[in-house]
1. With the condition being polar (S, T, N, Q), I'd like the strands (runs of 3 or more DSSP E) fully within the stretch 264-337 carrying at least 2 qualifying residues.
2. State whether one or more residues within the stretch 163-172 are more than 28 Å from residue 48 (Cβ to Cβ), within 16 Å of the ligand (Cβ to nearest atom) and modelled with pLDDT of 95 or more.
3. For the stretch 173-184, how many residues meet the condition of being surrounded by 24 or more Cβ atoms within 10 Å (Cβ to Cβ) and closer than 19 Å to residue 74 by Cβ?
4. Might you let me know whether the stretch 216-231 holds any residue that is more than 19 Å from residue 320 (Cα to Cα), open to solvent by 70 Å² or more (accessible area, probe 1.4 Å) and small (Gly, Ala, Ser)?
5. Considering only residues that are over 22 Å from residue 129 (Cβ atoms) and touching a residue at least 60 places away in the same chain (Cβ under 8 Å), look in the stretch 12-27 and name the one that is surrounded by the most Cβ atoms within 10 Å (Cβ to Cβ).
6. Taking the residues in the stretch 103-120 that are part of a loop (DSSP other than H, G, I, E, B) and open to solvent by 20 Å² or more (accessible area, probe 1.4 Å) as candidates, determine which candidate is farthest from the ligand (Cβ to nearest atom).
7. Being in contact with a His (Cβ under 6 Å, 6 or more places away or on another chain) and under 28 Å from residue 98 (Cβ atoms) narrows it down to one residue among 273, 179, 221; which is it?
8. Could you please give the count of residues in the stretch 322-345 that are open to solvent by less than 30 Å² (accessible area, probe 1.4 Å) and under 23 Å from residue 217 (Cα atoms)?
Amino acid sequence: MITNFEQLEQDMASTPSFDGQLAKLVHLTNSNGMSVSFMDIGATWLSCSIPVNEEAREVLLRSPNMAEHMEQNAYFGAIVGRFANRIAKGQFELEGKRYQLGVNNDENSLHGGLEGFDKKRWAIFEQGTQQVVFMLHSESGDQGYPGNIDIKVTYTLNNSNELSIVYEATTDQTSPVNLTNHAYFNLAGNNSGNKSLDHELQLNAAHYLPTDSGLIPTGELKAVQDTSFDFSEAKLVGKDFLTEHDQKIAGGYDHAFVFQPEVADGESVAAVLVAPAKEVVMKVKTTKPAIQFYSGNFLAGTPGKSKNYELYDGLCLETQYFPDGPNKPEWGANRGFLKSGELYQHQTVYQFEF
Ligand code: BGC
């Protein structure tokens, strides 16, 4: 029988990627039978296999092959940047100068623009059995962004079933930098028939960022209390689904939830996702100030490994700075600007219990 690693190689590395070359894959395993796989295209997290009742369960969504991976705009498992999420009209002003980015989401720029970091080939700088380090250089002017930046992303799988992602970046000129991973989770298994709506979620966030119909934050920090956005106690995602205007314009949840500073210390549990049958739990810890909870509202019709995905077949928990931060001076340090001489350093951990 073909192993999961062989299957992934066959699916993703047997036909050329964007640059005409084959993708390179890296597989990590731990002592509990958990394994994770990545590829250099987009430094993408392709697979997360956990043993549940003695069977390997794939909890990530992905494309069936490289050709479909290049066509999809779900951003399955990729590192997205230079600026994750949306920048209104792809424009921002910095130090008196106006910048125009590539526009790829109606009138807005999403996940770095036309050729974001998800589409680039990253260098595999180091690789071991439980760690891989990817690096990328993005030149000044890349997709319209100022400053030459160097990025390092380190994925580590430990024996406590934690997949940690460390993000580091430096620049020679101030630039928006907001890096995240765009994995879609379905803890019941990517082919289970269960939906994001069947999962229980807890978010240690007292506020969320309401948006306009183009999903650009209005600027308001709205209290979650007494709204359908209150996940401060664990709640079924489907419970208050599409009950309020702020969700209806987004087709569900597709919003940044703001962590209290003490939650974003990298060690506190900031979010908890529980599988429909409760046999798998995923905890998220992070140093980022917010998390985009996206319930898979645009997934319908995207070809997937196990089937053509339908609405809500998986959900994302993307740790990040505030969407459209570059256009919101009032948001201070949460805007996501990196200056020359500073080190961008963040960590997000996804810990699995099974
Ligand atoms: C955004 C969604 C978008 C999805 C795929 C998410 O991060 O919040 O609005 O559809 O990425 O591009």
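The values are calculated or read from the model by the stated rules, or taken from the named source; none is laboratory data. Just so you know, these numbers come straight off a predicted model, no measurement behind them. Don't worry about glycine lacking a Cβ; one is built from the backbone with ideal geometry, like all the others, and counts go over all protein chains shown. Each accessible area value is taken on the protein alone, full model and side chains, heavy atoms only, with ligands, DNA and RNA left out. Shrake-Rupley method; radii C 1.70, N 1.55, O 1.52, S 1.80 Å.
1. Working: elements: 271-274, 281-286, 290-294, 316-320.
Of the strands (runs of 3 or more DSSP E) lying wholly inside the stretch 264-337, those with at least 2 residues that are polar (S, T, N, Q) span 316-320.
2. The first filter runs over the stretch 163-172 and keeps only residues more than 28 Å from residue 48 (Cβ to Cβ), leaving 170-172.
Of the ones still in play, those that are also within 16 Å of the ligand (Cβ to nearest atom) are none.
No, the conditions are met nowhere in the stretch 163-172.
3. Of the residues in that region, 6 qualify.
4. no
5. First, the residues of the stretch 12-27 that are over 22 Å from residue 129 (Cβ atoms): 14-22.
Restricting the remaining residues to those that are touching a residue at least 60 places away in the same chain (Cβ under 8 Å) gives 17-19, 21.
Numbers: 17: 21, 18: 15, 19: 11, 21: 12.
Only one residue fits best here, namely 17.
6. Keep residues of the stretch 103-120 that are part of a loop (DSSP other than H, G, I, E, B), which gives 103-104, 106-107, 111-116, 120.
Restricting the remaining residues to those that are open to solvent by 20 Å² or more (accessible area, probe 1.4 Å) gives 103-104, 106-107, 114-115, 120.
Values: 103: 14, 104: 9, 106: 11, 107: 14, 114: 13, 115: 15, 120: 17 Å.
Per the criteria, the residue is 120.
7. Details: 273 fails: under 28 Å from residue 98 (Cβ atoms); 179 fails: in contact with a His (Cβ under 6 Å, 6 or more places away or on another chain).
Selected residue: 221, the only one of 273, 179, 221 that is in contact with a His (Cβ under 6 Å, 6 or more places away or on another chain) and under 28 Å from residue 98 (Cβ atoms).
8. In the first step, residues of the stretch 322-345 are kept if they are open to solvent by less than 30 Å² (accessible area, probe 1.4 Å); the result is 322-326, 328, 331, 336, 338, 344.
Right, trim to under 23 Å from residue 217 (Cα atoms) and you get 322-326, 328, 331, 336, 338.
Count: 9.
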